[in-house]
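The values are calculated or read from the model by the stated rules, or taken from the named source; none is laboratory data. Nothing here was measured: the structure is a model prediction, and the numbers come from that model. Every residue, glycine among them, receives a Cβ derived from its backbone with ideal geometry; neighbour counts consider all protein chains shown.
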Amino acid sequence: MKILSVNAGSSSLKFQVYEMPEEKVLMKGTFERVGLDHAFYTIKYNGEKVIKEVPLQDHEAAVHILVEELLAYHIVEDFDEIKGVGHRVVHGGDTYASSVIINDHVLETVEALSDLAPLHNPANLTGIKAFEKAIPGVHQVACFDTAFHQTLEEERYLYAVPPEWHAEYNIRKYGFHGMSHKYVSERVNELLDKKYSNVIVCHLGNGASISAVRDGRSVDTSMGFTPNAGLVMGSRSGDIDYSMIPFLIKKTGKTIEEIDTILNKKSGMLAISGISSDFRDIESKIAEKNKQAILAHHIYVNSVVGYIAKYYVELGGADAICFTAGIGENSSHVRRMIVDRLSCLGLKLDREKNEEMRFGKEGTITKEDSSVPCFVIPTDEEVMIARDTYALLV
Ligand code: ADP
């Protein structure tokens with residue numbers, strides 16, 4: 001059974017075609033610069049990579065090419081063979097605690113939730129509508145980034161603000177990266193050979209969040225009402241004292257929108273390092289003993305260690321701490337700094353294993369006698385979408 005896993009962003013569309021339930025990836029690819037000049041797409045098939053530059057005026061044009069390529073590469077001989085298309089949808093609000101088959105009501109709800117995710121939900125919807133046009137009648141499923149964290153209890157998701165803000169405006173902690181946290185927390189249970197466990201998942205990518213997961217249920221997570229809360233990120237500030245905002249508006253004359261853009265796009269590691277929001281660029285400067293790069297790393301590590309410690313206590317101890325996403329999977333340097341800081345809890349890094357676990361490898365990075373084992377687990381949000389789509393449509 002063939003299932004597509006799709007992630008439509010404002011100017012991109014990523015896809016993977018799976019043979020299910022084997023979870024075999026038959027083809028994957030990305031359409032980039034959709035709606036912009038110099039648009040192109042990349043297809044990976046059978047160990048080969050093809051890049052083509054084509055005009056892509058919108059997502060419909062991208063999906064049209066995608067389905068034609070499925071026929072051209074004989075991934076399918078007929079569109080009937082595509083049993084479902086699963087979409088990543090960023091915000092499901094408190095309406096969706098799991099993935100759902102898309103119908104008109106779901107589309108309306110996702111649209112209404114665009115208020116909470118104005119940059120993401122409309123782009124996700126464009127992807128869904130483009131597939132409906134390209135393969136009329138195809139079954140589609142929405143998989144929400146927020147759904148996994150719907151298990152948070154009131155005492156964790158409510159802010160200490162007037163209750164009518166929650167009642168009238170849906171102000172609460174939602175949490176994001178749900179499919180990644182779910183994938184990693186399930187995978188570590190397989191590695192631990194345990195059904196029930198307390199796990200801390202550190203999704204350290206350009207956007208970053210940490211979650212505390214008990215027996216497969218998210219108990220707490222670092223992102224909040226929006227993905228700007230929590231950890232220091234590539235270009236986002238993470239947690240700040242909100243009072244600096246009215247203060248800065250008065251002092252600088254900037255508008256609230258300008259300050260918001262700075263906190264979102266010009267803060268975080270980019271602002272502190274003065275180099276880049278990309279970790280690789282910053283790490284290359286650490287080798288040259290660049291002071292700002294070193295400072296940025298320390299601030300980053302402080303923020304990660306703070307959340308791990310908090311969740312260690314919230315969970316009453318942990319069976320595993322997992323690192324995933326671009327930085328978590330690849331930066332042995334940052335992992336070393338983090339685990340060394342946790343030595344007060346009895347964690348013991350195995351330096352050799354830590355260096356080994358990069359570029360897609362999965363395994364432990366701590367010594368046998370570490371109080372808590374730490375794992376590197378490459379995340380796979382795409383397969384989670386395919387699994388949920390398959391489960392709902394079979
Ligand atoms: P997102 O999906 O949020 O865009 P990713 O999970 O792809 O983010 O992570 C991107 C981050 O991972 C970037 O900061 C990048 O520099 C970092 N990264 C990727 N590879 C490495 C590496 N080998 N060493 C250090 N950092 C890396």
*Out of the residues in region 187-222 that are part of a loop (DSSP other than H, G, I, E, B) and more than 16 Å from the ligand (Cβ to nearest atom), which is nearest to T151 (Cα to Cα)?*
G216
*Here is a list of conditions, (1) within 20 Å of V67 (Cβ to Cβ); (2) under 19 Å from the mean Cα position of the chain (by Cα), and H149 meets all of them except one; can you say which number that is?*
(1)
*Quick one: in region 315-364, of everything that is in a helix (DSSP H, G or I), in contact (Cβ under 8 Å) with a residue 12 or more places away in the chain and of a type in the set (D, E), which residue is nearest to the ligand (Cβ to nearest atom)?*
E329
_Matching residues in region 271-307 - criterion: being hydroxyl-bearing (S, T, Y) and away from the ligand (no atom under 12 Å from the Cβ)_ = S303, Y307
*Can we say T379 is within 30 Å of F15 (Cα to Cα), of a type outside the set (D, E, K, R) and away from the ligand (no atom under 16 Å from the Cβ)?*
no
*asked:* Looking at L71, L113, L107, can you tell me which residue is closer than 18 Å to F176 by Cβ and of a type outside the set (G, A, S)?
replied: L113
*What number of residues within region 69-116 are free of Cβ contacts under 8 Å to residues at least 24 places away in the same chain and hydrophobic (A, V, I, L, M, F, W, C)?*
5
*asked:* Of everything in region 231-270, what is buried (at least 18 other Cβ atoms within 10 Å of the Cβ), on the phi < 0 side of the Ramachandran plot, more than 13 Å from the ligand (Cβ to nearest atom) and of a type outside the set (S, T, N, Q)? Give them in sequence order.
replied: L263
*Taking the options K348, K361, K353, name whichever one is modelled with pLDDT of 95 or more and surrounded by fewer than 17 Cβ atoms within 10 Å (Cβ to Cβ).*
K361
